[in-house]
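The values are calculated or read from the model by the stated rules, or taken from the named source; none is laboratory data. What you see is a predicted model, and the numbers here were worked out from it, not measured in a lab. So basically every Cβ, Gly included, is an ideal-geometry build from the backbone, and we count neighbours across all protein chains shown. Each accessible area value is taken on the protein alone, full model and side chains, heavy atoms only, with ligands, DNA and RNA left out. Shrake-Rupley method; radii C 1.70, N 1.55, O 1.52, S 1.80 Å.
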Amino acid sequence: MLSIFHADGGQMKMQLPFAIRCSLTALLLLWSGLVPRGWADLSTARARFEHALQVHGGEAFMQLALKGVRVNLDVTSERGGKSDVKITLYRKGEKVRTEIERGGETEIVGFDGKTGWRKQGYLVARIAQEEVQTILDDRYHDFVMLPLLYKDATLLDGTESKLPDGRSGYRVTFQLPQLPHHNSLPKKPERKVHCYLNEQDQVIGLEYEAVDYETDELMRVFEAYHNYRQIKTPVGEVLMPFETRLFVNGAQVRNQFFTALDTSEVPDALFERPPSEPPPIVRDKLPVKVPFQMKRFSLYVEVKINDKGPYLIIFDTGASRSWIDTKIAKEAGLERIPKTDHVLALVYGLVPAYGAKAKSVKIGDAEIKEVVFSVGPLDYTPLGDDEVDGRKVIGLLGREIISAFQVTIDFTTRSMTFEPPDAEMPKGVVIPFEMFGDHILVTMGVGDKQQIRMIVDTGAATNLMPPSYEPDKSVCVWMKLEDWFKRMGEFFEGDEYEFMTGDMRVMRLNKMTLGELRFGPVFAFQKPASAVASDSALMRKGKHGLLGIPIMRHYKITFNYFREQMVWQPHTASERAADNAGYGIQWRRQGKELIIRWVMPLSDADLAGVKAGDRIVLIDGQSPAHWSEKQLVDRLLNTRPGRPLKLTVQCGKQRLEFNLVALNYEL
C-alpha cells in the first residue's frame, strides 16, 4: 500500500500493480543511497518473478511441477494447419513421460529421474546415454517447471529487454547448475535461462541454450507463449499459454497448442519401464534358417509380402524402419495409412514416403503380422539400380521386423536363423547395447585411450568413423579418398561412394575393440566434422560412426533387441583358414617378368615401401617367372589370413626385400 498526501493534509490510499510497487520501492532505496544499483535490480527481478508465479496460480502452479501434471498438446509446423501429431506430456519433478501419436502409431519415452526407456509398438528398449542427457538438460525448459527453476537455479539479474520475436518484456536471468556430462563437449552450454515477463508479470517466453547430442552443436532455443487461458484444477486455477511457438537458432520450427490439463494424481509407476509385449510373429514354425546372398558387403534375403513375391530386400539393422518401393507396395496390396506422409533420411539423401500396412511378411517361413512399411520411390536413390543376378532389389528390411525375432547371421554358411526373442542365446562374447532411436549403439575403443560411439549396421558396406573422431597417429594412418582413388587408378573409375563428397578420408586403424573383442587393422571411411556440412542428410546429422559388414563378416552374430544384447562368436580356425586374404598388391606380366601393377594404399606393402612398377624377383625365395596365373592368385590374393610372405623386388638398381603378412583388406 502506497500513501499519497495532498496539500490540504488529506491522505489518499491506492493499490498499485505489484510490479510498479516493487520498482518504486527499489527506486526509493536507490535515491536514498541505501543500496547499490545491482542489488536493486536483483531485488526487482526476484519480486517480479515471484509475482509471476502467483499470477500463474501460486500454490496450484507449484503443484503442477511437484505432484505431477498431464498436458495434452497438438503440434503443427510453423506454417500452421491441422495437426497430425499429438503429444501427451507427464511431468513430476525429475520424472518425464512423453507419448507421441503420429500416423496411427504411438511412441512413448519414459524417464524415472535416472534412466530412460522407449516403447515403439511391441518393443520396449533402454534409451542411449545421449537421450538421457537431453532429458536431464531439458528438465527446467518447460512452462510448467518454472517453480522448480526458481527453486534450484541462481537468480542473476533482471532488465528490460527485447524478446527474440521482437516483443518488449522484462528479462529475468537464472543460472542453472552445471552438469558433469557437459565436460566432454567441445563447447559447453552456458546453462542460463532467460524468462521474459510482460507488464502484468505473465511469463511470455523462455530462452536457453540446448545441446544437439547427435552433433554436439549448441542451439539457441526460444519458446514464445501466447493466448493465455485460465484453467480450473482440483488444487485451484492456473493460467496456461494456449499456444507455444518454438524457435531454434532464430527459425520457427513448430507450434504447440494446449488442449487439456489434468492435475489428478500421477502415479510413479507411469515412469517405470514396462515389459515388452509379445511381437506379432508366428511362433509355431520357428526356428527358421534362411539363406542370404552377399554382394559388395550388402546382405540380401528373400521376402514375401501378403504372399506376393518372393522379392529381394536388403537386411539392414541400420534402417529405422522397413522401406519398400511404391510399385511393390501396390503390387502386394498394402493398405495406405492416412496422414502418414513423411520424409525418410537416408545416407543417399531425403526421400518422400508414406506409411502402409502389410497383413503378412515372410522371410522363408519366419512370419510377422501387421507390419507398417515406409513406402517411397527407390528410383530417387542408388537402390533403384541395385540388383543381384538380374533381380531388382525392392528396399530395406529394417528395425521393426528384425527386432521381432532373435536373429543369428552366419557368414560362413550364408544363412540367417530366426527364433522367438525369448529363445536361449548361444554361447560367445556377449555385447550389451543401447538403443539410439531405432539403432543399435555400442561404445568401441580405438587404440588404448580413445572411445567412440558406433551404430551396428548390417546395411553398411563400409566402416564409417564418427565425424568428430580425431585421428591418433600412434594407432591410425589416413589419406584423402580422392588421393586413394588416384592411387588405385583404373580399378576404381566408377566411384560407388560418390555421395560421400568433399574431404572424405580413408583410414587404417591398427587396433579397435568391442568389449573383449579386438580387431585390427580396420579400414574405414571418415567425413571430418569440419567438412560434414556439404554432405548427405545423414552425414550432416550425427556424431556416431557405423560398424559395418567388413568387421562383422568374420563372426557369427546373434541380435536380440528384447534383451538388448548381441553375441559374437569368432570363426573357428578352419573357417578363418577358408577366408581369403592377400597382401594388397596386384601384378601384370611383361614377357617373363612380373611387374607390380598397383599397391593398395595403406596396406602393409604400401606402408613398407613397395611401389607400382617394381619387378617381382622372388616369392618366398623362389623365382615366379614360370608360375601359372592360378599359382600367383593362390599365393598372393587368395591365401589364408596371417600367412607370411617374403617378397623380393627390383626397384631400379636396388634389390629390396619385404616381409609381409596376409590380411583381409576390406573397405
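If I filter segment 363-370 for residues that are within 15 Å of I314 (Cα to Cα) and either buried (at least 21 other Cβ atoms within 10 Å of the Cβ) or over 22 Å from the mean Cα position of the chain (by Cα) (or both), do I get at least one hit?
Scanning segment 363-370 turns up at least one residue that is within 15 Å of I314 (Cα to Cα) and either buried (at least 21 other Cβ atoms within 10 Å of the Cβ) or over 22 Å from the mean Cα position of the chain (by Cα) (or both).
I'd like the residue in segment 192-215 that is without any contact (Cβ under 8 Å) to a residue 40 or more places away in the chain and open to solvent by 10 Å² or more (accessible area, probe 1.4 Å) and, out of all such residues, is nearest to H51 (Cα to Cα).
Within segment 192-215, the match that is nearest to H51 (Cα to Cα) is N198.
One line per residue, one yes/no per condition, for (1) out of contact with any strand residue (DSSP E or B) (no Cβ under 6 Å at 6 or more places or on another chain); (2) open to solvent by less than 50 Å² (accessible area, probe 1.4 Å); (3) assigned to a loop (DSSP other than H, G, I, E, B):
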position	(1), (2), (3)
D579	yes, yes, yes
L594	no, yes, no
A605	no, yes, no
V610	no, yes, yes
L656	no, no, no
L667	no, yes, yes
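Residue by residue, here is whether (1) of a type in the set (S, T, N, Q); (2) open to solvent by 10 Å² or more (accessible area, probe 1.4 Å); (3) in contact with a His (Cβ under 6 Å, 6 or more places away or on another chain) holds:
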{"position": "Q293", "(1), (2), (3)": "yes, yes, no"}
{"position": "K304", "(1), (2), (3)": "no, yes, no"}
{"position": "G309", "(1), (2), (3)": "no, yes, no"}
{"position": "D316", "(1), (2), (3)": "no, yes, no"}
{"position": "S322", "(1), (2), (3)": "yes, no, no"}
{"position": "K330", "(1), (2), (3)": "no, yes, no"}
{"position": "I337", "(1), (2), (3)": "no, yes, no"}
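Can you go through A128, A65 and tell me which one is crowded, with 19+ Cβ neighbours inside 10 Å and in contact with a Pro (Cβ under 8 Å, 6 or more places away or on another chain)?
Exactly one residue qualifies, and that residue is A65.
Give me a count of the residues in segment 418-433 that are assigned to a strand (DSSP E or B) and over 25 Å from V475 (Cβ atoms).
3
Considering only segment 362-382, state which residues are over 16 Å from N306 (Cβ atoms) and not in a loop (DSSP other than H, G, I, E, B).
S374, G376, L378, D379, Y380, P382, listed by residue number.
Within segment 554-577, which residues are of a type outside the set (V, I, T) and either assigned to a loop (DSSP other than H, G, I, E, B) or at positive phi (or both)?
H554, Y561, F562, R563, E564, H571, listed by residue number.
Inside segment 638-654, can you point out the residues that are open to solvent by 60 Å² or more (accessible area, probe 1.4 Å) and in a loop (DSSP other than H, G, I, E, B)?
Hits for segment 638-654 are N638, R640, R643, G652, K653.
Would you say E277 is under 29 Å from the mean Cα position of the chain (by Cα), among the acidic types (D, E) and more than 30 Å from R563 (Cα to Cα)?
no
Give segment 398-424 a look and list any residue that's surrounded by 22 or more Cβ atoms within 10 Å (Cβ to Cβ) and basic (K, R), or say none.
R399
Checking V475 against (1) crowded, with 19+ Cβ neighbours inside 10 Å; (2) more than 30 Å from L286 (Cβ to Cβ); (3) touching a Phe, Trp or Tyr at 6+ places or on another chain (Cβ under 8 Å); (4) hydrophobic (A, V, I, L, M, F, W, C): exactly one of these is not met. Which one?
Exception for V475: condition (3).
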